[in-house]
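*Asks:* I'd like to ask some things about the structure below.
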Amino acid sequence: MNMRNALGLALLYGAALFTMGSSSVVAEVQSLRGIQDINADSNPAAIQHWQEDKEPIQRDYVQQPPLVPHAIEGYKVNLKFNKCLTCHSWANYKKARATKISQTHFEDREGEVLANVSARRYFCTQCHVPQIDASPLVENEFQPVQAITGQ
Ligand code: HEC
Ligand code: HEC
């Protein structure tokens, strides 16, 4: 058997193993070592009282993704549709009287400027979250650097 055939066979074998593996995996999520009950600590209490829409919320430091000052329940963001951009895109922000997404949202990870929202900034709620008036779970004494807060 020459090298090329051997490689082909190895690849085939690998692919077969991979397919077998993935078809036998039932959607069961486990901790890395398989010994933690990962549901034990989760308490996915649904948000009961969405906040009223309000003015933008003051940012605590300059690089902070601003908090969402309005309800977003039911706003879909998927491969084909992005509800947030219907108001926040550069094309729509004026009509919606919303803040336009900033230039940084058009840059890829090398800093190249793109013609459209970068994939890394597409799923808005990865970084921007709405608020409810809840008491903090842990105390936080964070102080921004005064010189650059602009407040
Ligand atoms: C129907 C239009 C509309 C939709 C849809 C919408 N927004 Fe907004 N958004 C607004 C308006 C209006 C404001 C407030 C602008 C103001 O008062 O200065 C705002 C404010 C914000 C701000 C605060 C900006 C700042 O400078 O503090 C963020 C962040 C934000 N929205 C994120 C989102 C995200 C994320 C989504 C999707 C899940 C979304 N918005 C969907 C209209 C919309
Ligand atoms: C990876 C994190 C991340 C994602 C994803 C993201 N943003 Fe942002 N966003 C930021 C950060 C950080 C800032 C503040 C600094 C800046 O402008 O980049 C910001 C700023 C903003 C602002 C305020 C702009 C201004 O001029 O003050 C708006 C509005 C906004 N984002 C909306 C959105 C919308 C809508 C989406 C989804 C299409 C989105 N963002 C996705 C991190 C993110």
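*Asks:* How many residues does region 113-136 contain that are without any contact (Cβ under 8 Å) to a residue 24 or more places away in the chain and in contact with a Ser or Thr (Cβ under 9 Å, 6 or more places away or on another chain)?
*Replies:* Looking only at that region, the number is 2.
*Asks:* A further question follows. Hey, can you tell me all the residues within region 103-126 that are part of a loop (DSSP other than H, G, I, E, B) and either within 14 Å of ligand 2 (Cβ to nearest atom) or closer than 25 Å to residue 49 by Cβ (or both)?
*Replies:* 108, 109, 111, 114, 116, 117, 118, 122, 123 - these are the residues of region 103-126 that are part of a loop (DSSP other than H, G, I, E, B) and either within 14 Å of ligand 2 (Cβ to nearest atom) or closer than 25 Å to residue 49 by Cβ (or both).
*Asks:* A further question on this structure: If you take the residues of region 81-126 that are surrounded by 14 or more Cβ atoms within 10 Å (Cβ to Cβ) and among the basic types (Lys, Arg), which of them is farthest from residue 65 (Cα to Cα)?
*Replies:* So the residue we want is 83.
*Asks:* Among the listed residues 62, 129, which satisfies the condition of being within 13 Å of ligand 2 (Cβ to nearest atom), out of contact with any Leu (no Cβ under 7 Å at 6 or more places or on another chain) and either within 30 Å of residue 31 (Cα to Cα) or open to solvent by less than 100 Å² (accessible area, probe 1.4 Å) (or both)?
*Replies:* 62
*Asks:* Among the residues that make up region 49-58, is at least one of them free of Cβ contacts under 8 Å to residues at least 60 places away in the same chain and within 11 Å of ligand 2 (Cβ to nearest atom)?
*Replies:* yes
The values are calculated or read from the model by the stated rules, or taken from the named source; none is laboratory data. None of the values given here were measured: they were computed from a predicted structure. Please note: Cβ atoms are built from the backbone with ideal geometry, for glycine as well, and neighbour counts cover all protein chains shown. Surface accessibility is based on the protein's heavy atoms, side chains included, excluding ligands, DNA and RNA. Shrake-Rupley method; radii C 1.70, N 1.55, O 1.52, S 1.80 Å.
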